[in-house]
Amino acid sequence: MALLRLEHLLVLTDDMDGTKDFYCGALGLEVGDRPPLEFPGYWLYVEGVPCIHVADRAAFAEHSERLGMRASPEADGTGAVDHVAFNGGDYDEVISRLERRGVKRTENTIPGAGIRQVFVEDPNGVKIEINVSPE
């Protein structure tokens with residue numbers, strides 16, 4: 001099996017609108033088309049790619065059970081996955097957007113590479129890393 005790329009990340013939540021608002025408002029994703037799935041949710045896009053899917057936790061768990069699968073149990077933070085990383089294009093805009101929405105952040109610079117990093121958490125405790133390369 002040859003993998004081509006990471007397809008998407010599914011965030012299960014009890015607050016779909018709050019989660020959507022965080023990703024769109026603080027990080028700049030956009031709500032886009034989503035097929036008529038059997039559970040409520042949003043597909044959030046970066047440059048035309050639906051990379052973050054948001055779903056109602058209870059409804060998705062019921063859907064998964066009907067398919068014979070188990071939905072991930074609720075866990076603190078991201079469970080066994082520590083964080084999800086995005087590339088960012090404009091460091092000052094990233095910081096400004098987060099500040100306007102009062103999002104707490106941790107900043108770091110990778111020595112020797114000059115990559116500036118920003119770490120935040122979504123409303124569900126999912127840690128997000130944003131990497132901005134030097135211009």
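The values are calculated or read from the model by the stated rules, or taken from the named source; none is laboratory data. For clarity, every value in this text was computed on a predicted model and none was experimentally measured. Note: ideal-geometry Cβ built from the backbone for every residue, glycine included; neighbour counts use all protein chains shown. Side chains are part of the model used for accessible areas, which takes the heavy atoms of the whole protein and leaves out ligands, DNA and RNA. Shrake-Rupley method; radii C 1.70, N 1.55, O 1.52, S 1.80 Å.
Provide the per residue accessible area, probe 1.4 Å, for the chain, rounded to a whole number of square angstrom. Can you show the working numbers first?
On the way: 8720 Å² over 135 residues.
Per residue, the chain has 65 Å² of solvent-accessible surface.
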Problem set entry | Rounded accessible area of residue 56 (nearest 10 Å², 1.4 Å probe) | 40 Å²
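Rank these by accessible area, largest first, 1.4 Å probe: 23, 45.
Numbers: 23 0, 45 45 Å².
Listed by decreasing accessible area, they come as 45, 23.
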Exercise. What residue among 26, 46, 119 has its Cα farthest toward the positive end of the dipole of the chain, where the charges are +1 on Lys, Arg and -1 on Asp, Glu, each on the Cβ?
Worked result: 119
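Got a number for carbon plus sulfur as a percent of the chain's accessible area, 1.4 Å probe? Kindly include the intermediate steps, with their values, before the conclusion.
Values: 4380 of 8720 Å².
Roughly 50 percent of what the probe reaches on the chain is carbon or sulfur.
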Exercise. For the Cα atoms of the chain, what angle does the longest principal axis make with the long axis of helix 57-67, in degrees from 0 to 90, nearest 10?
Worked result: 50 degrees
For this session: May I ask for the distance between the Cα centers of the range 111-135 and the range 30-70, given as a whole number of Å?
Result: 25 Å
Exercise. Short version: ³J(HN,Hα) in whole Hz for each residue of the range 15-23, in order, from phi by Karplus 6.51 cos²θ - 1.76 cosθ + 1.60 (θ = phi - 60°), x for Gly and Pro, what are they?
Worked result: 9, 4, 5, x, 5, 4, 4, 4, 5
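Just to be sure I understand: of the beta bridges DSSP finds with both ends in the chain, what percent are antiparallel, rounded to 5?
Within the chain, antiparallel bridges account for around 65 percent of the total.
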Problem set entry | Extension reserve of the residue 109-residue 66 stretch, reckoned as 0.36 nm per residue once the Cα distance is removed | 10.9 nm
